[in-house]
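Following: one structure in structure tokens, then a few remarks.
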Amino acid sequence: MRGASVTAPALAGVEPRHLATLSAVEQVRSYKVAAERLGYALSAVSQQMAQLERALGTPVFVRTPGQRLELTEVGAVVARHARGILAQLDAAGADLRGAEAALRVGVHDPAIMDAIPRAIELLAARAPEVAVTIRDRDVSPAARAEALRRGELDAALDDLPLPDGPFDAVEVLVDPIVLVVEREAPLARRGELGSLDELDGLPLIADERWPMLELVEGQLRAAGVAPRMALRSRMAAGLLPLVAAGMGSALMPRTAVDEHRACVAVVGLGDLLPARRVALYWHRDRRRIPALCAFREALGRAMRATTAAAEARR
């Protein structure tokens, strides 16, 4: 990337609107598309980029031979800092708008969602003034992390490791991985497997969106085990009916399985595979509102109750 040096005083002319426009153009590499996303006229985007370049004294974009916009060396530096500055401004705005007794939590995993009503119930008994809103429309950890950066959420729940970002976190659940089999399968009579070798050649059904799938498959390969992947589903809730129908077995977090309702059997794996670990996380640069502290405690108690209930079903 080409570019020139820029002196610190030049940054005095850079405004947040310039950084927001730069960030939008960086994402789509097009002034026209960036203008549409921002709701600006194309001329306004061009003008703001021209103002930014005058303030910096150097271009922030150049066009490649294929007419694609590419960041210059200076543009890349400014764009990287712009993302952090804009996220902090969004978080500050959320702090100023937010109510002390309101809490917006992002969660999408059905297994985690089961513990949320209990957490809210426990929270209401201790802090009835706290209003919790659950947002489940963000289907990926990356989407929830971005919502935290922008101040659209106060906290989120996801599997470790978490997406990179300015986050603090606390672990709220350690959830062992188990083998789920058809109730009449030979392995159903086993309480716990002694070795991963017993999975070799076993037809498996997997949720391809499961964050731990790649890690689990890597652990199996490292152990010299080659299970046969019979089906990859995009619906976690659909795995248990498929197992019950004899389509294959599944490796799943223990709390995600109600074997009595689903007509399947659960076989423990002990420490043969790493447990799933779930964390509650939040933007470290935002105020620690009292509602978040109270919810964290209530959620920890609810998660422990969920784990105990899953063990009691065995």
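Things worth noting here:
- Between the stretch 175-250 and the stretch 117-134, the Cα center-to-center distance that results, in Å: 36 Å
- Expressed as a whole percent, the accessible surface of the stretch 103-150 that belongs to carbon and sulfur atoms is 53, based on a 1.4 Å probe.
- When the stretch 204-299 is described by a simple charge dipole with +1 on each Lys and Arg Cβ and -1 on each Asp and Glu Cβ, the residue from 250, 227, 295 located farthest towards its positive end is 295.
- Between residue 200 and residue 63, the C-beta separation translates, for a Förster distance of 41 Å, into a calculated FRET efficiency of about 0.15.
- Membrane-span-like helices in the chain, defined purely by DSSP H runs whose alpha carbon atoms cover 20 Å or more axially and whose average Kyte-Doolittle hydropathy reaches -1.0, are 42-56, 73-97, 290-312.
- Evaluated with a Cβ-only charge set (Lys, Arg +1; Asp, Glu -1), the chain carries a dipole of roughly 700 debye about its Cα centre, given to the nearest 20.
- Dipole of the chain [Lys/Arg +1, Asp/Glu -1 at C-beta], most positive-end residue of 179, 140, 262: 140
- When the charge dipole of the chain is built from unit charges on Cβ atoms (+1 for Lys and Arg, -1 for Asp and Glu) and taken about the Cα centre, the candidate among 212, 151, 161 whose Cα reaches farthest toward its positive end is 151.
- Packing-based order for 242-252, 20-30, 262-272, using average beta carbon neighbours within 10 Å, highest first: 242-252, 20-30, 262-272
- Contact order relative to length of the stretch 69-217, as percent, for alpha carbon pairs under 8 angstrom and 6 or more apart: 23 percent
- Dipole size of the stretch 170-314 about its Cα centre, with +1 on Lys/Arg Cβ and -1 on Asp/Glu Cβ: approximately 720 debye, rounded to the nearest 20.
- Taken per residue, the accessible surface of the chain reaches 51 Å², heavy atoms only and a 1.4 Å probe.
- Here the stretch 12-87 is assigned +1 on the Cβ of each Lys and Arg and -1 on the Cβ of each Asp and Glu. Its dipole about the Cα centre then comes out at about 140 debye.
- Note on Rg and Dmax of the Cα atoms in Å: of the candidates (i) 19.1, 60; (ii) 20.2, 69; (iii) 24.6, 74, the value calculated from this structure sits at (iii).
- For a modelled paramagnetic label at residue 190, 7 Å from Cα along Cα-to-Cβ, the residues of the stretch 199-214 in reach, with backbone nitrogen under 19 Å, are 199-206.
- With contributions of -39500 (n - 2.57) from each DSSP H run of at least four residues, the per-residue ellipticity at 222 nm computed over the chain stands at -12500 deg cm²/dmol.
- Here each label is just a point 7 Å from Cα along the line to Cβ, and for residue 88 and residue 136 those points are 3.7 nm apart.
- Only Cα pairs under 8 Å and 6+ residues apart enter the sum, and on that basis the relative contact order of the chain stands at 21 percent.
- Applied to the stretch 254-269, the Karplus parametrisation 6.51 cos²θ - 1.76 cosθ + 1.60 on θ = phi - 60° returns per-residue 3J(HN,Hα) values of 4, 5, 7, 10, 10, 5, 6, 6, 8, 6, 10, 10, 10, 10, x, 10 Hz, with x for Gly and Pro.
- Over all pairs of different C-alpha atoms in the stretch 117-211, the reciprocal of the mean inverse distance, the Kirkwood hydrodynamic radius, equals 17.4 Å.
The values are calculated or read from the model by the stated rules, or taken from the named source; none is laboratory data. Not measured: the values here are computed from a predicted model. Note: ideal-geometry Cβ built from the backbone for every residue, glycine included; neighbour counts use all protein chains shown. Please note that ligands, DNA and RNA were not included when accessible areas were found on the heavy atoms of the full protein model with its side chains. Shrake-Rupley method; radii C 1.70, N 1.55, O 1.52, S 1.80 Å.
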